[in-house]
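The values are calculated or read from the model by the stated rules, or taken from the named source; none is laboratory data. If you're wondering where the values come from, they're calculated on a predicted model, not measured in any experiment. Here the Cβ is made from the backbone with ideal geometry for all residues, glycine too, and neighbour counts use every protein chain on show. Just the protein is used for accessible areas: all its heavy atoms, side chains included, with ligands, DNA and RNA removed. Shrake-Rupley method; radii C 1.70, N 1.55, O 1.52, S 1.80 Å.
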Amino acid sequence: MACPFPGPGKGRGCPWTARQQGFKQPRPLLSFLDYYWSNRQRLIALEMAKIHTIHTNGSLPKPTLWHKMHTYFTLVKNEISPSLSADVPALEVLERELAWLEEHLSQLGSPVVFCHNDLLCKNIIYDSTKGHVRFIDYEYAGYNYQAFDIGNHFNEFAGVNEVDYCLYPARETQLQWLHYYLQAQKGMAVTSSEVQRLYVQVNKFALASHFFWALWALIQNQFSTIDFDFLRYAVIRFNQYFKVKPQVSALEMPK
């Protein structure tokens, strides 16, 4: 059964269940607290590390991020701009920020890997009998930056219907998660410098996640028939982008 609602709204009104995904016992990780106050963050880090090892034969594809972002922006510019709310940044601002993101983030050296690209908590199934998690809904999956996939997942801690960025994982929580991830990916001990480097990359790419889904929400606001306030969601994501950009921009790679 395909979800009729693409993108981050999949868990917000679409009746995804474990049974529909072919799982009979597991249940979705529905809440932030359910995720945070358990050891499941480690399981999720391990599963993402495993997904990120999937490779195609031949040369590694280019990341999908910039192509999709430019496609979304062009659609907003050509089809939606006359009806944009005053709460949405001007097109000139959006175009400048998109160019800045591409120039700045492309230089961070984040590997291109196979990514889920939409890992909300409701796209994670936990099997308590087997003690593992599995990801569902790969509609947006594709080759992308490793740090985008992780940063996007961290952004989703804030929720969707009642977005609260106080729930964005604190630095120490992120460092522990990233340590689990890197250790699983490398199969050996990792250094503090490696974890710190990924931390910087992830938080910078989290900016791109805000921008990406904000553009997406503007398009959904124009064309979707789903009962969801996409415009409000777009404004929230843009506001958070501009709020955290100065602090995140100041992060430096470890020496």
- Query: In region 204-226, what residues are open to solvent by less than 10 Å² (accessible area, probe 1.4 Å) and either farther than 16 Å from Trp66 by Cβ or without any contact (Cβ under 8 Å) to a residue 60 or more places away in the chain (or both)?
  - Reply: Ala206, His210, Ala214, Ala217, Leu218
- Message: Here are the criteria: (1) outside any helix (DSSP H, G or I); (2) more than 23 Å from Gln174 (Cβ to Cβ). Tell me which single one Glu102 does not satisfy.
- Response: (1)
- Picking from Lys62, Lys50, Lys77, the residue that is open to solvent by 70 Å² or more (accessible area, probe 1.4 Å), at pLDDT 85 or above and more than 25 Å from Glu156 (Cβ to Cβ) would be Lys77
- Kindly check whether there is at least one residue in region 127-137 that is of a type in the set (Phe, Trp, Tyr), touching a strand residue (DSSP E or B) at 6+ places or on another chain (Cβ under 8 Å) and not in a helix (DSSP H, G or I). yes
- From Asn152, Asn144, which residue is surrounded by 14 or more Cβ atoms within 10 Å (Cβ to Cβ), among the polar types (S, T, N, Q) and within 19 Å of Phe238 (Cα to Cα)? Asn152
- Message: So the check is Cβ under 6 Å with 6+ separation or different chains; which pairs have a first residue in region 166-193 that's closer than 15 Å to Leu43 by Cα and a second one that's outside any helix (DSSP H, G or I) and open to solvent by less than 60 Å² (accessible area, probe 1.4 Å)?
- Response: Leu182/Val190; Gln183/Val190
- Message: Whether any residue in region 227-250 is open to solvent by less than 70 Å² (accessible area, probe 1.4 Å), assigned to a loop (DSSP other than H, G, I, E, B), under 28 Å from Val93 (Cα atoms) and not aliphatic (A, V, I, L, M) is what I want to check.
- Response: yes
- Matching residues, region 163-182, being farther than 18 Å from Val113 by Cβ, in a helix (DSSP H, G or I) and among the aliphatic types (A, V, I, L, M): Leu167, Leu175
- Query: Within region 191-202, is even one residue under 19 Å from Leu105 (Cα atoms), of a type in the set (Val, Ile, Thr) and within 17 Å of the chain's Cα centre (by Cα)?
  - Reply: yes
- Query: Within region 91-98, can one find any residue that is exposed (fewer than 11 other Cβ atoms within 10 Å of the Cβ), over 23 Å from Ala141 (Cα atoms) and not charged (D, E, K, R)?
  - Reply: no
- Task: Could you figure out which of (1) in a loop (DSSP other than H, G, I, E, B); (2) open to solvent by less than 60 Å² (accessible area, probe 1.4 Å); (3) under 27 Å from Val248 (Cα atoms); (4) modelled with pLDDT under 95 isn't true of Ser38?
- Result: (3)
- Qualifying positions in region 118-141 - closer than 20 Å to Thr53 by Cβ, of a type outside the set (D, E, K, R) and open to solvent by 10 Å² or more (accessible area, probe 1.4 Å): His132, Phe135, Tyr138, Tyr140, Ala141
- Query: Does region 175-198 contain at least one residue that is touching a Gly at 6+ places or on another chain (Cβ under 9 Å) and open to solvent by 20 Å² or more (accessible area, probe 1.4 Å)?
  - Reply: yes
